[in-house]
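Since every read-out is calculated from the coordinates, none of them should be taken as a lab result. Nothing here was measured: the structure is a model prediction, and the numbers come from that model. Quick reminder, even Gly has a Cβ in these numbers, built from the backbone with ideal geometry, and neighbours come from all protein chains shown.
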Amino acid sequence: MSDEPGFSMWRLLKVPFLALVALTVLLGSTIFLSYVPMGSMNLVVSLLIAGIKAGIIVTIFMELPKSSAVQQLAAGVGVFWLMFLFLLGFADYLTR
Amino acid sequence: MSSDALREPFSCLARQHESAVFGIWLFLGTEVLFFGGMFAGYSVYRFLYPDAFLAAGHETNIYYGSVNTFILLVSSFFMAAGEIAAREGLTRFARICFPLTAVLGMMFLILKGFEYNDDLEKHLFPGPGFPLPENGAAIFWAFYWVMTFVHASHLTAGIAAVIRLQILSRNHPEWLRDSPSAKVTALYWHFVDAIWVMLFPLLYLAGRSS
């Protein structure tokens, strides 16, 4: 590797740059769609797009799929317990 | 390989890197639960006061929110670019990306400050003089203030961590390549970005179509 000018940065940064483009398009889409009357689907659509954006950040910027198994496990633990927080919390409120 | 980056008790850089990245993912797991408690609270109260949350959400400033979201997304790109460059030994390029990341983070905070000022001028703070009549609207704004402030605090810590990379790599370009610091800082930065990506629809897009 070298620090010389002219080194092909594009080869290294192509994927993160395309991720940024995708995130920007998704941001524009979610803002536009939030003004379209869809009733309760507005929340579902906006959260779905936010989930896709977070997924792009985690997979491309944070490179989780390229991480070791133990690192992926550590990353999954928080989401796993968060699932219980929501499941048990709403199991109460939704069944009152 | 330089030994400057190697710290006790590790015998090699590879093991140190694996441990550091494992450690930050564990920390981020606790952060998921920390923010998750606030997201769960928001969700429960939105379920209990759906109309008030839509009316209150309509009062947030979507211009500031949208521009700030874009700023954070671009900052994450520069953070990723800097981290890749650091890993590849392209220290000069990495040291261009890190200040850009920090400046974008500061721009976010400055815009947030202007936004807070606008919110306060409209008395959108729960308590005496709160202008929205809907029962539950004040709860939305309580979540708005707490969640955005906690996020901004995390971003401030992220800016300090990025500046640390810039300072420590000043005379030690090999440190940036060998140390896990760039990777760990990048993971934290992207996490803070991802939290904002989830906050944005809940706080800024609610009630736009009504």
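Peptides B:183-192, B:86-95, A:24-33, B:28-37 ranked from most to least packed by the mean count of surrounding Cβ atoms within 10 Å: B:183-192, B:86-95, B:28-37, A:24-33.
Filter the DSSP H helices in chain A by two things, a Kyte-Doolittle mean of at least -1.0 and an axial alpha-carbon span of 24 angstrom or more, and list the hits by number.
Values: long enough: A:9-34 (36 Å, 1.70); A:69-93 (36 Å, 1.52).
Sorted by number, the helices that extend far enough and score high enough are A:9-34, A:69-93.
Any idea what % of Cα-Cα pairs in chain B are farther than 28 Å? Here the tail beyond 28 Å accounts for 37 percent of pairs.
Counting Cβ atoms of other protein chains within 10 Å of each Cβ in B:74-82 and taking the mean gives 5. Against the main long axis of the alpha-carbon atoms of chain B, helix B:91-121 sits at an angle near 20°. Take each residue in B:121-129, count the other chain C-beta atoms within 10 Å of its C-beta, and the mean is 0.
Based on Cα atoms of the protein assembly as shown, Rg over Rh with Rh as the Kirkwood radius reads 1.00. Within the stretch B:15-44, whose backbone N sits under 17 Å from a point 7 Å along Cα→Cβ of residue B:130? The answer is B:41-44, whose backbone nitrogens lie closer than 17 Å to the label point.
Diagonalising the gyration tensor over the Cα atoms of chain A and scaling each eigenvalue by 5 before taking the square root yields semi-axes of 35, 23, 6 Å, largest first. Between residue A:83 and residue A:69, the modelled labels are 1.9 nm apart [label points 7 Å from Cα along Cα→Cβ].
Annotation: extensible slack from residue B:174 through residue B:67 equals 34.9 nm (criterion: 0.36 nm per residue apart, minus Cα-Cα distance). Does anything in the stretch B:114-153 have its amide N under 13 Å from the 7 Å Cα→Cβ label point of residue B:51, and if so which residues? In the stretch B:114-153, the label zone of residue B:51 (backbone N under 13 Å from the point 7 Å along Cα→Cβ) covers B:133-137. For chain A, what is the mean residue ellipticity at 222 nm derived from helices alone (per DSSP H run of n ≥ 4: -39500 (n - 2.57); sum divided by total residues; nearest 500 deg cm²/dmol)? The helix-only estimate for chain A comes to -24500 deg cm²/dmol at 222 nm.
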